[in-house]
Amino acid sequence: MNADPHIQALLLQIQGLDSELDRFTHQARSLPVLAQIAELQSRLTGLASLLIAAETEVSDLKREQSKADTDVELVRERANRDQQRMDSGAVSAAKELEAMQREVASLVKRQAELEEVELEVMERLEDAQKNLDTLTTERDELTASLKTLSAERDEALAQFGAQSKQVRADREGLAPQIPAELSALYDKLRASSGGVGAATLHRGRCQGCQLEINATEMKAIREADDDEVLRCEECRRILIRTAESGL
């Protein structure tokens, strides 16, 4: 394959721009803030299930407390009614009065038992509500931190985007000047050689694989026509000659 030395030099410029774009992409994917965002999102995901469980517990305990309150109130009202009947003298028969007194005593005892249940439920509800409040606060703090970090990420990515846009524009200005066959070879080598398809021959060393060219190969390079497209014998990348090649 042959290409004017000027075209080969342009290909080296394109390689520089491609390497710059690759660097921007790597930096954008390696932003520390991305790992922080992922950690917060993971914590929020785990927290979501804890919140659901805590909200369910609080809801269940509120219903349990409501039932306990109702049970206590019903027994209290019944005991009060019976006591009022006795106090009013509406019950005069000794046996009936004695039976009502026993019932009131039983109701008072039952009320005390229900009030203990009511108090125990209230204490459990208080603990459950505190747990829910703690989890809610943690979620809100994580959400606020995530919002801040997301804004930081977006700003950094916008900067990389602006820089990449300019580099792509520069590349698009050069690419049409490269013959299709040479361009296809370069793209193929870039894809298979870590993003580097063309490298400079600098003082007898390939800058793609960083290996020194042996004497026999250097002789062949010196004797090659200026427009011949050379390849490194070691890494097979396109080898671009410059004034610093050591020829």
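Just a few scattered comments:
- Relative contact order %, the stretch 29-152, counting alpha carbon pairs below 8 Å whose residues are six or more apart: 49
- The string of couplings for the stretch 41-58 from the Karplus curve (6.51, -1.76, 1.60, θ = phi - 60°) is 4, 5, 5, 5, 5, x, 5, 4, 5, 5, 5, 4, 5, 5, 5, 5, 4, 4 Hz, one whole number per residue in order, with x for Gly and Pro.
- Helical mean residue ellipticity (222 nm; -39500 (n - 2.57) per DSSP H run of 4+; nearest 500) of the chain: -27500 deg cm²/dmol
- Length gained when the stretch residue 55-residue 163 is fully extended (0.36 nm per residue, less Cα-Cα span): 34.1 nm
- Shown in residue order for the stretch 180-188 are the 3J(HN,Hα) couplings computed by the Karplus curve 6.51 cos²θ - 1.76 cosθ + 1.60 at θ = phi - 60°: 4, 5, 5, 5, 5, 5, 4, 4, 5 Hz (x for Gly and Pro).
- Put in order of Cβ neighbour count within 10 Å, fewest first, the listed residues 106, 49 become 49, 106.
- Among beta bridges that DSSP assigns inside the chain, antiparallel share in %, nearest 5: 60
- Size-normalised alpha-carbon gyration radius of the chain, reference 2.2 N^0.38 Å: 2.35
- The C-alpha atoms of the chain define a longest principal axis, and helix 94-174 lies at about 10 degrees to it.
FYI, it's all coordinate maths here, none of it is from the lab. The structure presented is a predicted model; accordingly, all values stated were derived computationally and were not measured. Glycine gets a Cβ as well: all are built from the backbone with ideal geometry, and neighbour counts include every protein chain shown.
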